[in-house]
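Each reported figure results from applying straightforward, stated rules to the coordinates on display, with no laboratory input. The structure displayed is predicted, hence computed values, not measured ones. Every residue, glycine as well, gets a Cβ built from its backbone with ideal geometry; the counts of neighbours run over all protein chains shown.
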Amino acid sequence: MELLFIADPLHSFKIYKDTTFAMMREAHRRGHTLTVSEPQHIMWQRGSKVSARVQDIRLTGDPTHWYDAPEQRSAWLADFDAVLMRKDPPFDSEYFYATHLLEQAEREGARVFNKPRALRDHPEKLAIMEFPQLIGPTLVTRDAGDIQRFHAQHQDIILKPLDGMGGMGIFRVGPDGLNLGSITETLNRHGARSVMVQKFLPEIVEGDKRVLIIGGKPVPFCLARIPQGREVRGNLATGGKGVARPLSARDREIAAALGPVLQQRGLLLAGVDVIGDCVTEINVTSPTCFQEIQEQTGCDVAGLFIDALEAAVATHRG
């Protein structure tokens, strides 16, 4: 297959842990052709198809110079067997516009994973609203009074921006309510921006689990991201420790409820965040943790993904 990865700049990859790199490495091992681009290099013009400035790359196996790439060329997205949208969050206006360009490419015959419309329809914080039976007490609002009432009811709460990633902008406010007003003003910008507020789940001490769902089915192991020291956040980007574990019965129950729905909507890969028994987020833009799970368990997560990608492309062709 000829694969186009739309991602962040290659020089920014930390290949020892990067999931997109793990996908590329497995695809390369199987003999698939790798091409890369960035969202700002996608364009459309009337009378033509959606195209991008791309580079064909070859993996070298050398960690210090891990790829070779010739000069850029222009290519139609519809000419690739699969286009993989792997741009990291934030889901900002430019990301939103990129999904529209990718959806136009689909109308021209491109096969895009994850499906652009599904990326737009599943913002990573808000997607959980559709599954209230799987989540803990949660509030989404701009109003400071709503937040105060939620805190009065639940006492110990987490506040976070809807466009955050990697633990950015997450605050915990305990029963004393210390700094709740200031934190609310910081996050909602005096009512201009919406905030998500959730009851604090003490099970976070056991880890914020990333459950990967590929082709509608869960990977047998999750990565529990465990907060360190006095930190409340388990995100690896904030110093959390990643510990791979077999899925619990509850993890499998959650995956069984979400997997078929997400697959039917064109989400080949999703990363469901679970604390205790509760889903906290559904990540669809650029889910990670492939390499950490494989290194600790031997489970070939990238292999499972490329298996699913090959099957999905074959289905599209059929």
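Based on Cα contacts under 8 Å between residues 6+ apart, the chain shows a relative contact order of 18 percent.
Taking a Cβ cut-off of under 13 Å around ALA256, the surrounding Lys, Arg, Asp and Glu residues balance to a net charge of +1, with basic ones at +1 and acidic ones at -1. Only the Cβ atoms of Lys and Arg (+1) and of Asp and Glu (-1) were treated as charged; on that basis the dipole of the chain about its Cα centre amounts to roughly 240 debye. Of the DSSP H helices in the chain, those with a Cα length along their own long axis of 20 Å or more and a mean Kyte-Doolittle hydropathy reaching -0.5 comprise 249-264, 301-317. Sorting the segments 133-141, 278-286 by their mean number of nearby beta carbons within 10 angstrom, highest to lowest, gives 278-286, 133-141. Per residue, the convex hull spanned by the alpha carbons of segment 203-315 comes to 92 Å³.
For the chain, lysine pairs separated by 8 or more sequence positions, or belonging to different chains, with Cα-Cα distances below 15 Å total 7.
Charge tally around ALA78: other residues with Cβ under 12 Å, Lys/Arg +1 each, Asp/Glu -1 each, net -2. Summing charges over neighbours of ARG193, with a neighbour being any other residue whose Cβ is under 15 Å away from its Cβ, gives -1 when K and R count +1 and D and E count -1. When the alpha-carbon atoms of the chain are used, the pair Rg, Dmax equals 20.2, 62 angstrom. Of the GluC sites (Glu not before Pro) found in segment 84-192, those that fall in a DSSP loop while having at most 16 other beta-carbon atoms within 10 Å are GLU108. Projecting the Cα atoms of PHE171, ILE57, LEU223 onto the charge dipole of the chain (Cβ charges, centred on the Cα centre) puts PHE171 farthest toward the positive pole. Starting from the Cα gyration tensor of segment 255-311, take the square roots of the eigenvalues, sort them a ≥ b ≥ c, and report rounded, prolate or oblate (rounded when a/c is under 1.5, otherwise prolate if a/b is larger than b/c, else oblate). Cα axes put segment 255-311 in the oblate bin.
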